Amino acid sequence: MDRVKGKIALVTGGADGIGAATARLLAAEGATVVVTDINEAGAKALAGELGGMGIAHDAGSEADWHAAIAAVKDRYGRLDVLVNNAGIGAGIGDIEHQTLDDYHKVMRVTCDSVFIGSKCAVELMKGKGGGSIVNVSSIHGIKAAAHEAAYSAAKGAVRLLTKSVALHCARNGYRIRSNSVHPGYILTTQMIAWMERSANSADLNAALLAQHPIGFLGQPEDIANGILYLASEESRFMTGSELVIDGGYTL
């Protein structure tokens with residue numbers, strides 16, 4: 001208990017899935033949590049339950065980021081933890097069939113959001129004791145998927161952007177750590193819906209299970225546990241690192 005007691009944490013894409021599980025866990029461990037999401041009602045409902053603040057937030061919008069950070073600064077005066085969780089896949093598509101428009105949409109929400117969010121967080125965190133930035137990448141930020149060209153590109157970019165931020169902050173003595181988390185296939189509501197839309201969901205489920213040697217797919221809480229570790233002082237000697245939580249997918 002109290003692993004992040006007294007910390008102010010902002011979680012993007014926090015109304016559902018990994019984001020919601022992370023917000024709940026951080027709050028349970030003592031943090032005050034700001035939940036942001038394009039789903040304003042969902043963000044505010046969860047934040048109200050957790051005693052924090054909910055903000056309508058398009059994570060790919062620089063203006064929305066400035067507004068969200070200003071709200072955090074006005075209410076709390078600082079930010080200790082940023083979890084860049086928001087992201088989209090915009091459908092499955094290989095390099096021949098995914099459109100440039102889809103590519104731009106995926107990059108905007110999944111990668112641009114991390115760039116803008118990290119930039120804003122560094123500005124608020126530096127000079128105030130530092131902080132922890134946790135970026136949710138993917139196994140497909142390490143191992144490409146042929147059927148997910150844009151998603152693989154975006155998550156791979158998040159992986160190296162995380163390291164660039166880590167190195168910059170370390171060299172400037174900001175005491176701001178930046179690490180990435182790489183989930184395997186996680187049973188979020190979005191993933192379950194995607195599987196159910198498949199022409200043969202049983203075969204898809206079997207195929208996914210076969211790619212995870214541990215023998216089962218992950219739950220949002222499995223990823224939230226890793227994010228909590230990176231948000232806490234337990235990981236104070238980690239920066240620019242990749243925390244892979246994938247049931248053996250990348251072995």
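Laid out as a table, the results:
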quantity	calculated
Which numbered condition ILE133 misses (of (1) part of a helix (DSSP H, G or I); (2) buried (at least 24 other Cβ atoms within 10 Å of the Cβ); (3) not charged (D, E, K, R))	(1)
The stretch 171-205, subset hydroxyl-bearing (Ser, Thr, Tyr) and outside any helix (DSSP H, G or I), residue farthest from ALA154 (Cα to Cα)	TYR174
Listing of helices (runs of 4 or more DSSP H) fully contained in the stretch 1-113 that carry 1 or more residues being touching a residue at least 60 places away in the same chain (Cβ under 8 Å) and under 13 Å from the mean Cα position of the chain (by Cα)	17-28
Filtered residue count, the stretch 93-137, keeping only those that are of a type in the set (D, E, K, R) and within 20 Å of ALA68 (Cβ to Cβ)	6
Residue within the stretch 48-57 that is modelled with pLDDT of 95 or more and out of contact with any helix residue (DSSP H, G or I) (no Cβ under 8 Å at 6 or more places or on another chain) present	yes
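The values are calculated or read from the model by the stated rules, or taken from the named source; none is laboratory data. This is a predicted model, so every value here is computed, not measured. Cβ sites come from the backbone with ideal geometry, for glycine too, and all protein chains shown count toward neighbours.
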